[in-house]
RNA sequence: GGGGGUGCGCCGGAGUUGGAGAGCCGGGCCAGACUGUAAAUCUGGUGUCUACGACUGAAUAGGUUCGAAUCCUAUCACCCCCA
């Protein structure tokens, strides 16, 4: 596999520095991508970067995952129109541990001369004091050069702290350290990182009198212009506690047709031939492509078992949708559904006494935020209990609604489904 | 340090010369219909509640007034000009 060709046909090649093709053809090269631990988990946005490292490794090169223990403490101004809120050291350390664990799943850290490495850039600064920094790092670039970077220019009007302004120095020095300590020649990333990355190649050129290279991928955008990686309910995380495997699977199934063309090439490890075959069928069977994508990614990010559960639940909830099939489900199937979708536990006595539908959905669970929302949903014919539409906000739910003596399925519209579990 | 301005719904805009605001337009978002769990289109909705009604609401806290988003005082945030 040729790394650059692979990126090219996947439409993942945005910018590259000259000479990189020749460098990669010489043999195994080491390259890295940095990840700042500003969130408790990686997202599918970060997954694109992991995918890039994966393809790099599959091409016979050595990937480095560089966790931003240092840079995360400072904050990258790229793509932000306002100053970031600093995270506490404890939070950053906690996030870093979690993200590092996640990243380990996607690359081969065990075998071969090109086995992946996981490093923390805090190690580069542990022994450094502020004077060392100013003399050894800060002297490399002029403020003029740094100010010409897009990430800084955009903030000149609205303001940028010295802290965030310095960020590119840290990232550039990272690259220099990796070059010296690990012979790392390439830095990759999203196209928004181009400025930071080229600061790094500049460092290596000036301080080491050596040549380093950069490759970036186009930032993934959605057909409707909204940011990739966010659903209406927020980020899509790789952590199953934050985004359940079912929700993760559903994210791909529900994706817009128009986005499929880029998604399928960005996210799967399928061969060019397989992808082209799927794309040919796409017009007739758009859902087949979405399923293929959802299946591969759910397996890779979670597991085969998680995919199985997510698919089962999806089938139960979307394929066979009438009341009879719901009633025919056995208790263990419902148990599975309750684990995968949002479920709420309530006291048995509550249901035995009979509870108002609005109270149940707001006070006793938090399916909806207010009773006004419950009324509006009922008015819009959106609410149902066990597949029976709710006609009035005065309706009550009692033990007759219990399936197998302990489950109630409540739906708000086609997509928002909840299970109430009685105990 | 001095002077001026702005601040209401998730966002953008319009409007309010002390006299009716849960309140205009657009976007977003939610739901319904149609579909394929997609898009487009059409329809309804988008502060809270014990709901044909009531309550809260114009940055925050006070004040003047029969009546305040509008006037006054203080505070906060942002913007502009001068130094």
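Is it the case that residue A:315 is touching a residue at least 40 places away in the same chain (Cβ under 8 Å), within 13 Å of RNA strand B (Cβ to nearest atom), out of contact with any helix residue (DSSP H, G or I) (no Cβ under 9 Å at 6 or more places or on another chain) and under 29 Å from residue A:241 (Cα atoms)? It is false that residue A:315 is touching a residue at least 40 places away in the same chain (Cβ under 8 Å), within 13 Å of RNA strand B (Cβ to nearest atom), out of contact with any helix residue (DSSP H, G or I) (no Cβ under 9 Å at 6 or more places or on another chain) and under 29 Å from residue A:241 (Cα atoms).
When residue A:205 is tested against the conditions (1) assigned to a loop (DSSP other than H, G, I, E, B); (2) at pLDDT 90 or above, the lone failure is (1). Restricting attention to segment A:115-131, which residues are more than 26 Å from the chain's Cα centre (by Cα), buried (at least 19 other Cβ atoms within 10 Å of the Cβ) and part of a helix (DSSP H, G or I)? Matches in segment A:115-131: A:124 only. You will find that of A:334, A:327, A:350, the residue that is assigned to a helix (DSSP H, G or I), exposed (fewer than 13 other Cβ atoms within 10 Å of the Cβ) and in contact with a strand residue (DSSP E or B) (Cβ under 9 Å, 6 or more places away or on another chain) is A:327 and no other.
Of A:210, A:172, which residue is surrounded by fewer than 22 Cβ atoms within 10 Å (Cβ to Cβ), farther than 26 Å from residue A:8 by Cβ and in contact (Cβ under 8 Å) with a residue 12 or more places away in the chain? Step through it out loud before you land on a result.
Values: A:172 fails: surrounded by fewer than 22 Cβ atoms within 10 Å (Cβ to Cβ).
Result: A:210 is the single residue among A:210, A:172 that is surrounded by fewer than 22 Cβ atoms within 10 Å (Cβ to Cβ), farther than 26 Å from residue A:8 by Cβ and in contact (Cβ under 8 Å) with a residue 12 or more places away in the chain.
When residue A:361 is tested against (1) within 14 Å of residue A:419 (Cα to Cα); (2) within 13 Å of RNA strand B (Cβ to nearest atom); (3) assigned to a helix (DSSP H, G or I); (4) out of contact with any helix residue (DSSP H, G or I) (no Cβ under 8 Å at 6 or more places or on another chain), exactly one condition is not met: (4).
Among the strands (runs of 3 or more DSSP E) confined to segment A:365-423, there are none with at least 1 residues that are more than 14 Å from RNA strand B (Cβ to nearest atom), out of contact with any strand residue (DSSP E or B) (no Cβ under 6 Å at 6 or more places or on another chain) and without any contact (Cβ under 8 Å) to a residue 24 or more places away in the chain. Say whether the condition of being at pLDDT below 90 and farther than 22 Å from residue A:242 by Cα is met by at least one residue in segment A:341-348. No, segment A:341-348 contains no residue that is at pLDDT below 90 and farther than 22 Å from residue A:242 by Cα. For residue A:150, state whether it is within 16 Å of RNA strand B (Cβ to nearest atom) and over 14 Å from residue A:207 (Cβ atoms). When the stated conditions are applied, residue A:150 does not pass them.
The values are calculated or read from the model by the stated rules, or taken from the named source; none is laboratory data. Just so we're clear, the structure is a prediction, and the values are computed from it rather than from any experiment. Don't worry about glycine lacking a Cβ; one is built from the backbone with ideal geometry, like all the others, and counts go over all protein chains shown.
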